[in-house]
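Enquirer: After the structure tokens below, expect a handful of questions from me.
The values are calculated or read from the model by the stated rules, or taken from the named source; none is laboratory data. Here the structure is a predicted model, which means the values were calculated and not measured. Because the Cβ atoms are built from the backbone with ideal geometry, glycine has one as well, and the counts that use them run over all protein chains shown. We work out accessible area using only protein heavy atoms, side chains counted, and drop any ligands, DNA or RNA first. Shrake-Rupley method; radii C 1.70, N 1.55, O 1.52, S 1.80 Å.
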Amino acid sequence: MLHSVRFPEDLRKLPIKKLPQFCDELRQFIITQSANNPGHLGASLGTIELTVAIHYVFDTPNDKLVWDVGHQAYAHKIITGRKERFDTNRKYKGISGFPKTSESEYDAFGTGHASTSISAILGMATAARLAGNNSQQHIAVIGDGAMGGGMAFEAMNQAGGAQENLLVILNDNRIAIDENVGAMSQYLLRITSSKSYNRVKKGLWKFFNFSNFIVQAISRLGNTIKGQIVSKSNLFQQLGFRYFGPADGHNVIKLVHVLSNLKAIKGPKLLHIVTVKGKGLPLAEENQIAYHFPGNYDPETGEIIIPDEQNTPPKYQTVFGETILELALHDEKVVGITPAMATGCSLTIMREKLPHRVFDVGIAEQHAVTFAAGLAAAGYIPFCNIYSSFLQRSYDQIVHDVALQQLPVIFCIDRAGLVGEDGPTHHGIFDLAFLRSIPNLIIASPLNEIELRNLMFTAYSERNRPFAIRYPRGKGIFTDWKKTLEKIEIGKSKLLKQGQDIAVLSLGPLGNNVIQAISILAKEEITPTHIDVRFLKPFDKTMLDDVCNTHHTIITVEDSTVVGGLFSEVSEYIVKKQYHTKVVPIALPDTFVEHGDIANLHTLVGFDVEGIVEVFQKLRE
């Protein structure tokens, strides 16, 4: 049946009794396709039945559907005209791994970050009411991890008071990327495990399967009747939502009946469904963290294919995890903080040894920063690890709660620069620009993993103002990297190679591509100076004075936007001092960079060795 369905209107032609078989085919298609083209597998397998039921019941794309984050939207993409292109998922020039409005009219809102769906769908529902469109339906699908984010509560607070016509579907699988934490997770568990509640809930679902009369009665009586069926302490009811659930998220026929009936109820509604992340692939169900993004695996058995990484350099994330543990074992005041990314950033290494000093605060970047500020104010040494693209969400807290008070929070900014297949929602390309303008803040980026260790040790030793260290996703360059920790003089660059005429100032690991390029250029008798800047702030102005007095051209190299980072720092200083030195940037253009593998993206933006060599060759012309 899967081959006969290209769009939702094809799906709606199927008899309802055939939907379970269709779901099985769709699930197998995703398992097969993702085995050799890695993606966010677990979340998408868990929402097969929900996706099919939504598109079967609602008139998409006229009815608006928003997927929170979008990790779970593979089935949605396949049945909305992208099945034939699904083998290009997350590949360079292929379809995006997340909903993207420019890709399909069925993607009502672009997503990639958590807790945004309710705000977006509320805006759309409000717009429909203002336009007099009373027939349009508005649906947001949000996971229990994202529901714990503050933005979701802000949106529900407004929606419950405004009484707009919308449906929030809470997909409760008790896990985000790592296991969910916090009171919301425990609250949902109490709802789904309550025996007395579930007895009443079963009766409610029987009512739903009668006729539209019951639905109309509930709609008229609103929360009065619901107050008799659901405990008055229900959080969602108190926020002004009619609450329904919990329901089995893998019973597609029952979901169709429930969603069909909910269409007739006006105002804000919340349907709570329970699903299993990785449903249909036994190993994925058993190990949900690993199969959130498993990489390559055997489509028959589900066994993950682990590449041989013996005698290869470590990931920067591993170096961070090992180094913070080393510091924490030395000093009981060292603590680690992550907003729901413990595995991804390797804080799990410290958590295994010192679980009481690692804090996963959930999907709450703003809270993570101010929580870290509170710890710092009380004399602790917080290493707050946040992905670059998510650090944007906590900008006010960095300014107001950390930098203004000059609190020594150490920001370890993971996934800085281009991250690859996750694309523009996840590229960490703006942190240098938005951090550089903040007073009292040190900003550094290591050339390699040894320098990362030493910068972490320097930040630990400094402890009189906030310190930001940015580093990329992926591997370093050394296998023998665990050297004795050494302090680096703050604001001091490092001369890597003395040359003439042209000076290259590189910030971060892209400097390794510069090293390779210079070795190639030597054959053409081009011998530039190369300096590892290390610190964007405070910047080594003594070095820059010397370079401007001895070289006619400076090339700046940074894995960030050309606006506001290293190129801007150097250019502004040269203008201020009235030097006549020419400045040429190698940086990301002032645009959003698409998704794709790092090699292709580096070629696209000129970060590869050949691209850097070409810049020098053009200057010689």
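Enquirer: Within the range 106-132, which residues are in a helix (DSSP H, G or I), of a type in the set (V, I, T) and under 21 Å from Q366 (Cβ atoms)? Working first, answer last.
Expert: Step one: list which residues in the range 106-132 are in a helix (DSSP H, G or I), which gives 117-130.
Going one step further and asking which of them are of a type in the set (V, I, T), we end up with 118, 121, 126.
Once the filter is applied, which keeps residues that are in a helix (DSSP H, G or I), of a type in the set (V, I, T) and under 21 Å from Q366 (Cβ atoms), the range 106-132 yields only I118.
Enquirer: Can you name the number of the only condition in (1) assigned to a helix (DSSP H, G or I); (2) closer than 15 Å to E332 by Cβ that F383 fails?
Expert: Failing condition for F383: (1).
Enquirer: Let me ask something additional. Provide a single number: the residues in the range 291-333 that are surrounded by 19 or more Cβ atoms within 10 Å (Cβ to Cβ), touching a Pro at 6+ places or on another chain (Cβ under 8 Å) and more than 30 Å from M147 (Cβ to Cβ).
Expert: Count: 1.
Enquirer: Residues in the range 73-81: is at least one of a type in the set (F, W, Y) and surrounded by fewer than 19 Cβ atoms within 10 Å (Cβ to Cβ)? Please lay out each step first, then the result.
Expert: Initial filter on the range 73-81 (of a type in the set (F, W, Y)): 74.
Then keep just the ones that are surrounded by fewer than 19 Cβ atoms within 10 Å (Cβ to Cβ); that gives none.
Within the range 73-81, none of the residues are of a type in the set (F, W, Y) and surrounded by fewer than 19 Cβ atoms within 10 Å (Cβ to Cβ).
Residues checked against (1) touching a strand residue (DSSP E or B) at 6+ places or on another chain (Cβ under 6 Å); (2) open to solvent by 10 Å² or more (accessible area, probe 1.4 Å); (3) of a type in the set (G, A, S):
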{"position": "Y92", "(1), (2), (3)": "no, yes, no"}
{"position": "S102", "(1), (2), (3)": "no, yes, yes"}
{"position": "F109", "(1), (2), (3)": "yes, yes, no"}
{"position": "G143", "(1), (2), (3)": "yes, yes, yes"}
{"position": "G148", "(1), (2), (3)": "no, yes, yes"}
{"position": "E154", "(1), (2), (3)": "no, yes, no"}
{"position": "A159", "(1), (2), (3)": "yes, no, yes"}
{"position": "N165", "(1), (2), (3)": "no, yes, no"}
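Enquirer: Every residue in the range 275-290 that is free of Cβ contacts under 8 Å to residues at least 60 places away in the same chain and either open to solvent by 40 Å² or more (accessible area, probe 1.4 Å) or of a type in the set (F, W, Y) (or both), please.
Expert: Correct list: P282, L283, E285, E286, N287.
Enquirer: Ok, one more. Within the range 378-386, identify whether any single residue is touching a residue at least 24 places away in the same chain (Cβ under 8 Å), more than 30 Å from T484 (Cβ to Cβ) and open to solvent by 20 Å² or more (accessible area, probe 1.4 Å), and answer yes or no.
Expert: From the range 378-386, those touching a residue at least 24 places away in the same chain (Cβ under 8 Å) are 379-386; that's our starting set.
Still in the list and also more than 30 Å from T484 (Cβ to Cβ): none.
Scanning the range 378-386 turns up no residue that is touching a residue at least 24 places away in the same chain (Cβ under 8 Å), more than 30 Å from T484 (Cβ to Cβ) and open to solvent by 20 Å² or more (accessible area, probe 1.4 Å).
Enquirer: Given the conditions (1) open to solvent by less than 20 Å² (accessible area, probe 1.4 Å); (2) farther than 25 Å from P382 by Cβ, and given that A468 satisfies all but one, which numbered condition is not satisfied?
Expert: (2)
Enquirer: Looking at (1) open to solvent by 10 Å² or more (accessible area, probe 1.4 Å); (2) under 26 Å from I381 (Cα atoms); (3) outside any loop (DSSP other than H, G, I, E, B); (4) of a type in the set (A, V, I, L, M), which is the only condition M543 fails?
Expert: (2)
Enquirer: Let me ask something else. Mind checking which pairs have a first residue in the range 233-250 that is aliphatic (A, V, I, L, M) and a second that is modelled with pLDDT of 90 or more and part of a helix (DSSP H, G or I), Cβ under 6 Å, 6 or more apart or different chains?
Expert: Once the first residue is aliphatic (A, V, I, L, M) and sits in the range 233-250, its partners that are modelled with pLDDT of 90 or more and part of a helix (DSSP H, G or I) give L239/M156; L239/G160.
Enquirer: Pick from S117, S135: which is free of Cβ contacts under 8 Å to residues at least 60 places away in the same chain, within 18 Å of the chain's Cα centre (by Cα) and under 24 Å from K263 (Cα atoms)?
Expert: Details: S135 fails: within 18 Å of the chain's Cα centre (by Cα).
From the options S117, S135, the qualifying one is S117.
Enquirer: Among the listed residues S445, S394, S346, which satisfies the condition of being in contact (Cβ under 8 Å) with a residue 12 or more places away in the chain, farther than 18 Å from I324 by Cβ and either open to solvent by less than 30 Å² (accessible area, probe 1.4 Å) or in contact with a Gly (Cβ under 7 Å, 6 or more places away or on another chain) (or both)? First the steps, then the outcome.
Expert: Values: S445 fails: farther than 18 Å from I324 by Cβ; S346 fails: farther than 18 Å from I324 by Cβ.
Step by step, each of S445, S394, S346 is checked, and only S394 is in contact (Cβ under 8 Å) with a residue 12 or more places away in the chain, farther than 18 Å from I324 by Cβ and either open to solvent by less than 30 Å² (accessible area, probe 1.4 Å) or in contact with a Gly (Cβ under 7 Å, 6 or more places away or on another chain) (or both).
Enquirer: Within the range 564-593, track down each residue that is assigned to a loop (DSSP other than H, G, I, E, B) and either in contact with a Leu (Cβ under 8 Å, 6 or more places away or on another chain) or surrounded by fewer than 16 Cβ atoms within 10 Å (Cβ to Cβ) (or both).
Expert: Within the range 564-593, G564, G565, Q578, H580, P589, D590, T591, F592, V593 qualify.
The rows are residues; the columns are (1) touching a Ser or Thr at 6+ places or on another chain (Cβ under 9 Å); (2) at pLDDT below 95.
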residue: S346; (1), (2): yes, no
residue: V358; (1), (2): yes, no
residue: G362; (1), (2): yes, yes
residue: A376; (1), (2): no, no
residue: G379; (1), (2): no, no
residue: D401; (1), (2): yes, no
residue: L407; (1), (2): no, no
residue: H426; (1), (2): yes, no
residue: F430; (1), (2): yes, no
